[in-house]
Amino acid sequence: MNWVKNNNKRFSIIMYAALLLSLYLMTSNFLLFHAYAEGFSIVIALLMFVLTWNARRYIDNQYLHFIGLAYLFVAHIDFLHILGYTGMNVFSGYDYYANQLWVLGRYMESLTLLAGFYFLYKQKKCNDYLVLAVYTVISALGILAIFVWKIFPIAFVGGVGQTPFKIISGYIVMGILVLVLLGLNRYREHFGPHLYRIISLSVVMTIFSELLFTFYINNYGISNVMGHYFKIISFYLIYKSIVEKGIREPYDVIFRRLENNRKQLAKANETKMMLFSIIGHDLRSPFNSLLGTVEMLSEESDVFDPEEQKEYFKALSKTTKETYNLVHNLLDWASVNMDILKLELRKISPVETINEAVLGLKGMLDKKSLQLKIIGDPQLTIQADTRSLETIIRNLVSNAIKYSHAGGIISIRVIDLQEEISIQVEDQGQGMTPEQAKKLMVSDINESTPGTANETGTGLGFNIVREFVELNQGRLEIDSEKGRGTTIKLFFKSSHSA
């Protein structure tokens with residue numbers, strides 16, 4: 001495949017070099033040279049339109065979509081420019097058509113290259129028929145101004161040279177093209193490195209071409225000849241960009257979409273299997289325990305003394321809370337993976353949200369005689385979704401409790417980093433190895449490890465934390481050492497920097 005591609009490249013280079021050489025040999029007959037050079041550019045522009053029109057449903061880059069349509073009208077004006085040239089004897093009785101049409105064509109070409117950025121800026125789809133209608137009107141007005149009304153400024157006078165209007169127009173067109181280069185640099189992520197270079201080089205060639213056409217003294221001089229060479233190169237490069245996006249990339253786009261669909265289906269299937277596994281094992285077991293305990297207490301309550309009943313009720317309470325947390329996490333995880341949950345990012349106080357999130361964890365803290373410290377300024381605010389942040393904190397503190405030794409301290413610090421606010425959940429528990437921490441950051445499904453009191457879990461908690469942090473446009477880090485404890489660091493955008 002690479003061999004074929006390289007051979008195609010070599011063939012294109014040879015053919016292009018042969019074209020330029022043949023053009024050079026024609027310079028002794030300027031009318032032939034001019035018709036051939038302009039004809040090549042016209043054919044390229046027409047091919048750009050044909051390719052764009054037939055691939056319009058697949059071209060993702062609306063900038064290329066727009067200019068591919070508009071170049072049909074640039075080709076039309078350039079064709080009239082050929083016919084209007086002195087010596088072609090198509091239009092008689094008026095010597096100014098060719099240069100006027102040239103100026104009109106260059107304004108249309110440069111402004112088209114600049115106007116295309118509107119679709120990238122607004123992230124709008126190009127309306128094919130509206131573009132064709134607008135350019136039809138603009139072309140018609142320009143042609144009427146030159147051929148019928150004769151109000152278009154004269155650009156060149158035989159024996160005198162270019163008029164001030166033509167020279168000033170040349171510099172204006174070059175200025176517009178410089179703006180195009182700046183626009184390409186700003187939106188370069190929409191093109192990719194290779195395509196960005198091709199289009200930028202085409203614009204640079206057009207600037208050189210216009211510069212040479214600004215300097216020429218007569219229509220048959222060397223400056224005019226060289227200007228046409230640069231124009232041919234610039235049109236070819238623009239055509240190449242349309243070909244790459246209009247012919248080759250549609251296939252890439254189609255197969256990329258198929259691959260994305262395959263991955264989404266695989267993820268959905270994995271989510272379904274995970275749900276079945278949790279429902280079949282992790283959720284069934286606590287419910288069986290709950291049902292057994294409730295049934296025993298209701299049918300044989302007189303057999304147990306008050307102390308035994310108290311112990312059973314404690315166990316019942318513990319299992320109920322664990323089951324509730326499991327169901328809560330399961331619903332949150334399913335909502336994220338099935339794109340059901342919609343977050344509302346707004347200005348909130350992380351300290352206030354933390355205080356709300358940990359209210360239901362007091363029993364778990366007391367059972368292990370753990371002390372929870374919340375350190376931070378309540379006035380600090382971040383851009384985040386309240387409900388999902390509560391879920392993040394609840395899961396992180398639950399994990400900290402699970403892996404802490406009895407009598408320890410869990411600290412939650414809210415730290416102002418100017419552009420960001422950091423929330424850090426720190427415990428003094430059993431910690432993790434670097435390999436465990438790394439796996440926790442990248443794995444879609446994590447196996448739960450037993451806590452310091454042999455607490456069990458599903459491994460969903462940290463997956464939910466990671467996904468919710470990402471949905472809140474935040475990031476997280478893990479700082480952990482085996483036997484020394486773990487600190488989970490969250491970073492969210494500060495509301496005053498939003």
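The values are calculated or read from the model by the stated rules, or taken from the named source; none is laboratory data. None of these values were measured; they are calculated from a predicted model. Every residue, glycine as well, gets a Cβ built from its backbone with ideal geometry; the counts of neighbours run over all protein chains shown.
Observations on the structure shown:
- Selected residue (only one of 145, 155, 115 is modelled with pLDDT under 95 and surrounded by 15 or more Cβ atoms within 10 Å (Cβ to Cβ)): 155
- Annotation note: of 410, 375, the sole residue that is buried (at least 20 other Cβ atoms within 10 Å of the Cβ) and modelled with pLDDT of 90 or more is 410.
- Test: residue in region 99-112 that is over 20 Å from residue 30 (Cα atoms) and of a type in the set (Phe, Trp, Tyr): yes
- Tabulated pairs, region 192-214, first in the same structural domain as residue 59 (by TED's automatic domain parsing) and basic (Lys, Arg), second in a helix (DSSP H, G or I) and buried (at least 17 other Cβ atoms within 10 Å of the Cβ), C-beta under 9 angstrom, 6+ apart or interchain: none
- Pairs are defined by a Cβ separation below 6 Å, a sequence spacing of at least 6 or placement on different chains, a first member in region 78-103 that is under 14 Å from residue 165 (Cα atoms), and a second member that is of a type in the set (S, T, N, Q) and assigned to a helix (DSSP H, G or I); the pairs so defined are 103/169.
- Qualifying residue in region 46-56 (condition: part of a loop (DSSP other than H, G, I, E, B) and more than 23 Å from residue 139 (Cβ to Cβ)): yes
- Looking only at residues in region 70-93 that are touching a helix residue (DSSP H, G or I) at 6+ places or on another chain (Cβ under 6 Å) and hydroxyl-bearing (Ser, Thr, Tyr), the one that is farthest from residue 34 (Cα to Cα) is 71.
- Qualifying position, being farther than 29 Å from residue 315 by Cα, outside any helix (DSSP H, G or I) and in contact (Cβ under 8 Å) with a residue 60 or more places away in the chain, among 388, 422: 422
- Some residue of region 392-405 being surrounded by 22 or more Cβ atoms within 10 Å (Cβ to Cβ) and farther than 18 Å from residue 368 by Cα: yes
A quick yes/no check of all residues on (1) at negative phi; (2) crowded, with 18+ Cβ neighbours inside 10 Å; (3) at pLDDT 85 or above:
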{"position": "332", "(1), (2), (3)": "yes, yes, no"}
{"position": "335", "(1), (2), (3)": "yes, no, no"}
{"position": "346", "(1), (2), (3)": "yes, no, yes"}
{"position": "356", "(1), (2), (3)": "yes, no, yes"}
{"position": "360", "(1), (2), (3)": "yes, no, no"}
{"position": "365", "(1), (2), (3)": "yes, no, yes"}
{"position": "370", "(1), (2), (3)": "yes, yes, yes"}
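- So residue 431, is it at pLDDT 85 or above and over 33 Å from the mean Cα position of the chain (by Cα): yes
- Only a single item in (1) closer than 24 Å to residue 86 by Cα; (2) at pLDDT below 60 is not met by residue 5, and it is number (1).
- Flag if residue 380 is in a helix (DSSP H, G or I) and in contact with a strand residue (DSSP E or B) (Cβ under 8 Å, 6 or more places away or on another chain): no
- For first residues located in region 32-54 and charged (D, E, K, R), partners that are in a helix (DSSP H, G or I) and lie 6+ apart or on another chain with Cβ distances below 7 Å form the pairs 38/78; 38/81; 38/82.
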